[in-house]
Amino acid sequence: MKLIVTGGAGFIGGNFVYYILNRYPEDQVVCVDALTYAGNMETLSGAINRPNFKFVKADIADRETIYALFEEEKPDVVVNFAAESHVDRSITDPELFLRTNIIGTSVLLDACRKYGIQRYHQVSTDEVYGDLPLDRPDLFFTETSPIHTSSPYSASKASADLLVQAYHRTFQVPVTISRCSNNYGPYHFPEKLIPLMIANALNDKPLPVYGKGENVRDWLYVEDHCSAIDLIIRKGRVGEIYNIGGHNERTNLQVVKTILKELGKPESLIRYVTDRPGHDMRYAIDPTKIHEELGWLPVTKFDDGIQKTIQWYLDNRAWWEHIMSGEYQTYYQKMYGNR
Ligand code: NAD
Ligand code: TYD
């Protein structure tokens, strides 16, 4: 099987590339990534020399380039991870989110229509369902929960989901959609909560907690997300949406305190800062459908996953220090400029 994996130089896409290369040596992976600030060739350094891996620097919203790529590669499956993914950035610059997350998705769908495909998989998010109240722990998002977005990021992801469903209904493009809760693990860009807190704690810098730190997120170890997507593209039913989550709800403050404790750093590093506008209170996924239909279950509990993640950031200091110092931006040119 030949897969186009978009956004593979980012956090989850990069983990997915390794997941596929390690489990299916007979598969071919073509990674398409525009290498925005969030894309990093260092993430792919363990893949780049493998014979069944190819990297193409391209923007998914660039129709001509994407069509040419499909014509040349003739992929069986497309898994679309490419996105602007940070809620805070969507609040300061919404337009870029519309271009990549909506127009980019529509270009990929048109390419699938034009050149034919066995499966187009859209990697979506639980944020399309909006949030749940803190005082109703009995409530969870199911696949039939209404779309009710809060941020420009979640609105752009929901728009993309609607387009994907429309292309299935109108043009019979064989699609699936997954909506996952917050991921954590290796290669997570240090602007998101968990890697930022680990990096700041290691540098004895203040840990900025929005509001009172009581917002709840449902954390999933990234490899469990990859195993779910893998099952969906191979065994999931066309036209279906699958929620992915592992019932690992924690308040932000619990997460931050766990990180400080694991690193032996004092809680006095915590700084409460002005809240995010429109800040969603609680996300919580009901993963019954993917469990019952495809037999998926997460294997990593939060307490183990956070330890593994912290250890990865300790062992791979250069990876995140390059990002934080901006050095990685010259990496691609240095590595591939003369090829
Ligand atoms: P990320 O920001 O780490 O990576 C995004 C990647 O997409 C980067 O490599 C970037 O260079 C690339 N990209 C951005 N714009 C592009 C464009 N126009 N053309 C080609 N490539 C482009 O994001 P992530 O956290 O790995 O998220 C991946 C996907 O998973 C996103 O679609 C996101 O909405 C979804 N998701 C993320 C989470 C999470 O917790 N991180 C949870 C649920 C769903
Ligand atoms: P984030 O990692 O940005 O993911 P998302 O907003 O998509 O859930 O943030 C996770 C939670 O952590 C969210 O409630 C916002 C909060 N947060 C902070 O309190 N401080 C921070 O510096 C960041 C980046 C996030």
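Taking the criterion of being within 9 Å of ligand 1 (Cβ to nearest atom), over 22 Å from A158 (Cα atoms) and touching a Ser or Thr at 6+ places or on another chain (Cβ under 7 Å), the only residue of the range 185-223 that qualifies is Y187.
If you go through the range 81-108 and keep only what is closer than 15 Å to T125 by Cα, more than 13 Å from ligand 2 (Cβ to nearest atom) and not hydrophobic (A, V, I, L, M, F, W, C), you end up with N101, T105. Residues being over 13 Å from the mean Cα position of the chain (by Cα) and in a strand (DSSP E or B) are entirely absent from the range 150-171. Residues of the range 301-323 that are surrounded by 14 or more Cβ atoms within 10 Å (Cβ to Cβ) and either hydrophobic (A, V, I, L, M, F, W, C) or modelled with pLDDT under 95 (or both): F302, I306, I310, W312, W319, W320, E321, H322, I323.
Scanning the range 13-49 for residues that are within 14 Å of ligand 1 (Cβ to nearest atom), crowded, with 24+ Cβ neighbours inside 10 Å and not aromatic (F, W, Y) gives G13, G14, V17, C31, V32, D33, N40, T43.
Mind checking which residues of the range 79-137 are assigned to a loop (DSSP other than H, G, I, E, B) and within 16 Å of T36 (Cα to Cα)? Residues satisfying the conditions are F81, A82, A83, E84, S85, H86, D93. Taken over the range 71-108, the criterion of being more than 24 Å from G236 (Cα to Cα) and either crowded, with 20+ Cβ neighbours inside 10 Å or in contact with a helix residue (DSSP H, G or I) (Cβ under 6 Å, 6 or more places away or on another chain) (or both) is satisfied by E84, S85, V87, S90, P94, F97, L98, T100.
Of all residues in the range 274-330, those that are part of a loop (DSSP other than H, G, I, E, B) and under 21 Å from R217 (Cα atoms) total 18. Within the range 158-188, take every residue that is crowded, with 19+ Cβ neighbours inside 10 Å and of a type in the set (F, W, Y) and give me the one that is nearest to ligand 2 (Cβ to nearest atom). Selected residue: Y184.
S145 meets each of the listed conditions (1) in a loop (DSSP other than H, G, I, E, B); (2) in contact (Cβ under 8 Å) with a residue 24 or more places away in the chain; (3) buried (at least 18 other Cβ atoms within 10 Å of the Cβ) apart from (2). Of all positions in the range 210-219, at least one carries a residue that is buried (at least 22 other Cβ atoms within 10 Å of the Cβ) and of a type in the set (D, E).
Please specify each residue of the range 240-261 satisfying the condition of being away from ligand 1 (no atom under 16 Å from the Cβ), surrounded by 18 or more Cβ atoms within 10 Å (Cβ to Cβ) and of a type in the set (V, I, T). V256, T258, I259 - these are the residues of the range 240-261 that are away from ligand 1 (no atom under 16 Å from the Cβ), surrounded by 18 or more Cβ atoms within 10 Å (Cβ to Cβ) and of a type in the set (V, I, T). Selection of first residues in the range 90-109 that are aromatic (F, W, Y) and of second residues that are assigned to a helix (DSSP H, G or I) and within 11 Å of ligand 1 (Cβ to nearest atom), restricted to Cβ pairs under 6 Å at least 6 apart or on distinct chains, gives the following pairs, ordered by first then second residue: F97/S90; F97/Y153; F97/S156.
Among all positions in the range 41-54, there is no residue which is within 16 Å of ligand 2 (Cβ to nearest atom), in a loop (DSSP other than H, G, I, E, B), out of contact with any Leu (no Cβ under 9 Å at 6 or more places or on another chain) and within 20 Å of Y187 (Cβ to Cβ). What residue, among those in the range 109-128 that are within 16 Å of ligand 2 (Cβ to nearest atom) and of a type in the set (S, T, N, Q), is surrounded by the fewest Cβ atoms within 10 Å (Cβ to Cβ)? Filtering first and then ranking leaves T125.
Within the range 172-184, being in a strand (DSSP E or B) and within 13 Å of ligand 1 (Cβ to nearest atom) holds for I177, S178, R179, C180, N183, Y184. Taken over the range 239-296, the criterion of being polar (S, T, N, Q), more than 10 Å from ligand 2 (Cβ to nearest atom) and closer than 17 Å to Y184 by Cβ is satisfied by N248, Q254, T258.
So for the range 221-244 (the condition being in contact with a Gly (Cβ under 8 Å, 6 or more places away or on another chain), hydroxyl-bearing (S, T, Y) and at pLDDT 95 or above), does at least one residue qualify? Within the range 221-244, one or more residues are in contact with a Gly (Cβ under 8 Å, 6 or more places away or on another chain), hydroxyl-bearing (S, T, Y) and at pLDDT 95 or above. Taken over the range 265-299, the criterion of being among the charged types (D, E, K, R) and either in contact (Cβ under 8 Å) with a residue 60 or more places away in the chain or surrounded by 13 or more Cβ atoms within 10 Å (Cβ to Cβ) (or both) is satisfied by K265, R271, D275, R276, D280, R282, D286, K289, E293.
The values are calculated or read from the model by the stated rules, or taken from the named source; none is laboratory data. Worth saying up front: this structure is predicted, and the values here are computed from it rather than measured. Note that we place each Cβ from the backbone using ideal geometry, even for glycine, and neighbour counts take in every protein chain shown.
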